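The values are calculated or read from the model by the stated rules, or taken from the named source; none is laboratory data. These figures come from a predicted structure and were not determined experimentally. Every residue, glycine as well, gets a Cβ built from its backbone with ideal geometry; the counts of neighbours run over all protein chains shown. For accessibility, only protein heavy atoms count, side chains too; no ligands or nucleic acids. Shrake-Rupley method; radii C 1.70, N 1.55, O 1.52, S 1.80 Å.
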Number of protein chains: 2
Amino acid sequence: MPSDLHPLPADQVTTWDHEADVVVAGYGIAGVSAAIEAARAGAEVLVLERTGGWGGAASLSGGIVYLGGGTGLQKALGFDDTAENMKTFMLAALGPGADEDKIAEYCNGSVAHYDWLVDNGVVFKESFWGEPGWEVPGDDGLMYSGGENSAPFNEIATPAPRGHVPQMADKRTGEKGGGFMLMQPLSQVVESLGVRAEYDVRVQRLIVDGDGRVVGIVAKQYGKEVCVRARRGVVLATGSFAYNKEMVAAYAPQLNGRPGAAIEEHDGRAIRMAQALGADLAHMDATEVAFFGDPQLMARGILVNGRGQRYVPEDTYPGRIGQLTLLKNDNQAFLVIDEVAYEKGCAATSSTPFFRFRPKWVAETVEELESDMGLPTGTLQATVEVYNRHAAQGSDPVLGKKSEWVKPIESPFAALDLRNCTAGFTLGGLRTTVDSEVLHVSGEPIPGLYAAGRCTSGVCAWGYASGTSLGDGSFFGRRAGISAAKG
Amino acid sequence: MPSDLHPLPADQVTTWDHEADVVVAGYGIAGVSAAIEAARAGAEVLVLERTGGWGGAASLSGGIVYLGGGTGLQKALGFDDTAENMKTFMLAALGPGADEDKIAEYCNGSVAHYDWLVDNGVVFKESFWGEPGWEVPGDDGLMYSGGENSAPFNEIATPAPRGHVPQMADKRTGEKGGGFMLMQPLSQVVESLGVRAEYDVRVQRLIVDGDGRVVGIVAKQYGKEVCVRARRGVVLATGSFAYNKEMVAAYAPQLNGRPGAAIEEHDGRAIRMAQALGADLAHMDATEVAFFGDPQLMARGILVNGRGQRYVPEDTYPGRIGQLTLLKNDNQAFLVIDEVAYEKGCAATSSTPFFRFRPKWVAETVEELESDMGLPTGTLQATVEVYNRHAAQGSDPVLGKKSEWVKPIESPFAALDLRNCTAGFTLGGLRTTVDSEVLHVSGEPIPGLYAAGRCTSGVCAWGYASGTSLGDGSFFGRRAGISAAKG
């Protein structure tokens, strides 16, 4: 990222190459949501997109949107939920340090946001997927996506599934996948509203007037520098900094060399542009962590760290397993499972059959297995002994795995090597208000500047739940569009 | 922090109330070091200090300075060390993501920096303290202060003690303590060089000229706004953001409500002032973590988390125990120890006898103890069984505690409740070059602006060793003074 990031004084602009009331940078989930609301509020809207079309990381994703509080889909499928219950879960699961105001707004507005998505053409099939999984394996519309029904959260709040999945065709991701089926109808709405889009435009730096108000963006289009005027406001929606090596090294070094579910366009540029104006940041160290383990196998075994100790209820949200593995257990994980459970797990339906690795070690006794794995004598034996002792009674007082998945591990034994099996994307970014205004370090909004999506810090501080990125990107993307249109 | 942080254009300054070549904000360890070097380089220097005198957090601290590579003191006491060995340790212990360039400069310059401190009147007594401890209990000059002689680092680099402690009088901290005895001679040098100091001055925002160069500081002195001109450069050295609740919440929420070895002047103001100019940050989530356990007791027992599992070699640097407890084990720690070891530990010399809490639980059997502590049946029993099995052979293959501290735990048993016994200060801050220039987010130094000490990100990224704050504060403080004097 060599080029200049310093704000350009508006009086140095000689030609405005493009112009609109509201200029949205980025045509992913936050940008498309901002564009719809700004246009509906009467603003002339221009979207600047770096690639050749709409979509962003959203359209390549699984499409899960985190919604609750009693959405139409939750009700149709018989799940009780309230905004308060949703808030209790999110504060417990997404911190420490989660933004209480943002989460409160998000939960209180979640039912209406679901309706908005449906009204704008997103289809959620009335069917529930209740098995452990990263995503739905078919076209079901609702799933648990954050460990709501697992320890410790199932004791903190009433479990309710909140992963809302747009109905997909033949693939889980990519064209016809959940993310595509989310973005396609929304982008059609944008077009129907007469919003213009310019493609192959890379944003470079912000343009400010003499009062410090953001009035435009300098960008490169087909390699040529262009100045884009925003009469009312600029919305930044260009995604995370997961693919900016320098920023990851300085802010989230635990992800060094491990960018995961992100795209190379996620280079942190919008964050940098706003920082150059004195914008504040938040939770830059927070990261989603993907884990290359199949939930159908993990729930049926025990996960142990490099000391042979359990550390997570194996039936929880696999992203939580990823976080605890990478961030709290030195990225060391082994799945210990018996032959019967392994075969049952392999026979179960899963969205991630490619994570069903073959066991690296098999043995008749735990002692042998422990030795083959190179664990200190007695450690794994002690762990299995304690687990089995309670499993015989169907309980797991150590970590609270649900009784349906608790079963003594019996010979023959196997272990999968899941060390260094993580990747992730960054969750931190610009500090914004609940109306998506970008905050200056002085605590005041920067006039004319709005942001949403993964270039901002949203509802997640440390923890994560699948669907919160598309969720807060669309929810606060809409707020950004509304705020910018007001100017 | 309500007042304006926006940079003030120099052409709006009507009166310069104070003026110097180099203006240093903060009279702690980084400021005093910068002032000395800037003055020796021929600059007229003015120090602005918020309190009524020199000192800062440094003079209230234990005074440990992290130095090595074969300092005069290390050699006199028979310890071998090289810059390369020191670098290997620091990169392993202070990351992930530690700044390799800074660490290389720091290690290569460490012997000369020791000599500089001695030449400027800091006295290090030629005596070594080799017992587990947070600090030296008497006036010894050298100690291990980062776990160099403990697992896993004792296998990664050759152990060498690098905690250099200024000889103190009758107290460990405060007046006549180690930090005072570090700051006093340095402040006398500053005075002898004719450096002026203004007290009761709170810095507010930076003053910039039309080219974006920093040319001064707006401050409040006795409640009145003053403008201070810096002809060559401004050095920011006002300490951490540990006492800024909002910044801690946004950047290091694991420390929410736990400010520790910091002072209320550490309000992050200098970081904010520079951010308002587009300054970049680094490692804002990194934190030192103090742990209220006495090392003489901890080394003689086993520390277990809320699941009854060991997680740290108990004979390591107690700050590492603190980090692993707070950041990786939910702030849950119990010290399990037998009566004989407890009494031995209490009889040993320690700098922290006030951390020798009474056992909360005592029992004849581990089973009973485990039950009284509320741990799931079998968990603590398994941990003690595995520990004792290896301890009988004098080894600890699980965590690598040194054999001198490994001994089976025998009845009667006791446990100390060390849950939530942590506090800490922040280690992140402004991103600076090895010459202490403050970097803009574009990657270029901000002209005229320098910084050092805990308002910058120094040699620590995630890990910590006692003495690295006074160490990098003094080392890069000197660099800041030299760079600013060049202008």
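Comment: the Cα-to-Cβ extended label point of A:N420, at 7 Å, lies 4.1 nm from its counterparts in the other copies, nearest first.
Per the Debye calculation on the range B:50-133 with a single equal scatterer at every Cα and no solvent contribution, log₁₀ I(q)/I(0) for q = 0.20 Å⁻¹ amounts to -1.08. Normalised by the number of residues in chain B, the average gap of Cα pairs under 8 Å and 6 or more apart makes the relative contact order 24 percent. Per residue of chain A, the DSSP helices (runs of n ≥ 4 H) give a summed -39500 (n - 2.57) that works out to -9000 deg cm²/dmol at 222 nm.
Tally Lys and Arg at +1 and Asp and Glu at -1 over the other residues with C-beta under 14 Å from the C-beta of A:G95: what net charge comes out? Surrounding charge for A:G95 is -3. Under conditions of 25 °C and 0.890 mPa s, the protein assembly as shown yields 83 µm² s⁻¹ as its translational diffusion coefficient, taking Rh as the Kirkwood radius over Cα pairs in the Stokes-Einstein equation.
Between 0 and 90 degrees, the angle of helix B:379-391 with respect to the longest Cα principal axis of chain B falls at about 90 degrees. With label points set 7 Å from Cα along Cα→Cβ, the inter-copy distances at B:G487 are 4.6 nm, sorted shortest first. Each 5 Å bin from zero up to the one holding the largest Cα-Cα distance in the range A:39-95 carries the following percent of pairs: 4, 14, 12, 13, 15, 15, 15, 11, 2. The alpha carbons of the range A:198-320 occupy a box of 61, 28, 25 Å along the principal axes, longest dimension given first. When B:K220, A:K401 are compared by accessible area of protein heavy atoms, the largest-first order is B:K220, A:K401, using a 1.4 Å probe. On the principal axes of its alpha-carbon atoms, chain B has extents of 78, 47, 38 Å, going from largest to smallest. Tell me, which longest segment in chain A has none of the GluC sites (Glu not before Pro) that fall in DSSP loops with at most 15 further Cβ atoms within 10 Å? That would be A:1-125. Counting, for every residue in A:94-107, the Cβ atoms of other protein chains within 10 Å of its Cβ and taking the mean gives 2.
Beyond 22 Å in Cα-Cα separation lie the following of the pairs A:K401/B:K328; A:K328/A:K401; B:K125/B:K344: B:K125/B:K344. Averaging the Cα positions of each part gives two centres, and for the range B:55-121 and the range B:228-260 these lie 24 Å apart. Counting only residues at least eight positions apart within a chain, or on another chain, the lysines with an alpha carbon under 19 Å from that of B:K245 are A:K102.
Centre-to-centre separation between the Cα atoms of the range A:264-329 and those of the range A:127-162: 18 Å.
Here the scattering of the range A:154-221 is modelled by Debye summation over its C-alpha atoms, one equal scatterer each and no solvent; at q = 0.24 Å⁻¹ the log10 of I(q)/I(0) is -1.03.
A Förster distance of 45 Å, applied to the separation of the beta-carbon atoms of B:R231 and A:K125, puts the FRET efficiency at 0.05.
Computed from point charges on the beta carbon alone (+1 for Lys and Arg, -1 for Asp and Glu), the dipole magnitude for chain B about its Cα centre is near 560 Debye. On the basis of the beta-carbon distance and an R0 of 30 Å, B:E191 and B:L77 show a calculated FRET efficiency of 0.40.
Close amide H contacts of A:G306 (hydrogens built in the peptide plane, cut-off under 5 Å, sequence separation of 5 or more or a different chain): A:Q332.
Between this copy and the others, label points of B:R356 are 6.0 nm apart in ascending order, each placed 7 angstrom from Cα in the Cβ direction. As a calculated quantity, the FRET efficiency between B:A169 and A:N256 at R0 = 41 Å, using C-beta atoms, amounts to about 0.35. Total Å² of accessible surface buried at the B-A contact, 1.4 Å probe, nearest 100? The B and A chains share an interface burying roughly 3700 Å². The residues packed around A:R479, meaning those with a beta-carbon under 14 Å from its beta-carbon, carry a net charge of -3 if Lys and Arg are +1 and Asp and Glu are -1. Remark: spin-label model distance B:T433-A:K176 equals 5.5 nm, labels positioned 7 Å along the Cα→Cβ axis.
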